[in-house]
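Engineer: Let me give you the structure first, and then I'll get to my questions.
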Amino acid sequence: MLMRPILAATFLLLASPALAFECPNLMAEVEAALAETSLTDDQKAEVEALRAEGEELHTAGEHAASIAKLNEAKEILGL
């Protein structure tokens, strides 16, 4: 019984740094696609806002939330 919480805590500790490295890659993907993709002004503004929010969350150490926001931006970009 005690093994599950220990395994879960270990997984979270090991996964967090991996997520931290994914954020900059996603931000770069969004920036590159934003430069090449034709979007409406509203879509472009939304992607830029999501990308900025993703960066703020990454800086705050909230990597899972950052990845979620950046993936939302990628979805709008059609990635």
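Only the coordinates and a few stated rules stand behind these numbers; no lab work does. Predicted, not measured: the structure shown is a model, and the values here were computed from it. Reconstructed Cβ throughout: ideal geometry from the backbone, glycine too, with neighbour counts over all protein chains shown.
Engineer: HN-Hα J couplings of segment 67-73 from phi, Karplus 6.51/-1.76/1.60, θ = phi - 60°, integer Hz, Gly and Pro as x?
Structural biologist: 3J(HN,Hα) across segment 67-73, in whole Hz: 4, 4, 5, 5, 5, 4, 5.
Engineer: Based on Cβ point charges of +1 for Lys and Arg and -1 for Asp and Glu, what charge dipole magnitude is obtained for segment 16-77 about its Cα centre, in debye rounded to the nearest 20? Please report the intermediate quantities before stating the final value.
Structural biologist: On the way: 4 positive and 14 negative charges, 32 e Å.
Here the size comes out at about 160 debye.
Engineer: Something else now. What whole-number volume per residue, in cubic angstrom, does the convex hull of the C-alpha atoms of segment 16-77 give?
Structural biologist: Numbers: hull volume 3.6 nm³, N = 62.
That works out to 57 Å³ per residue.
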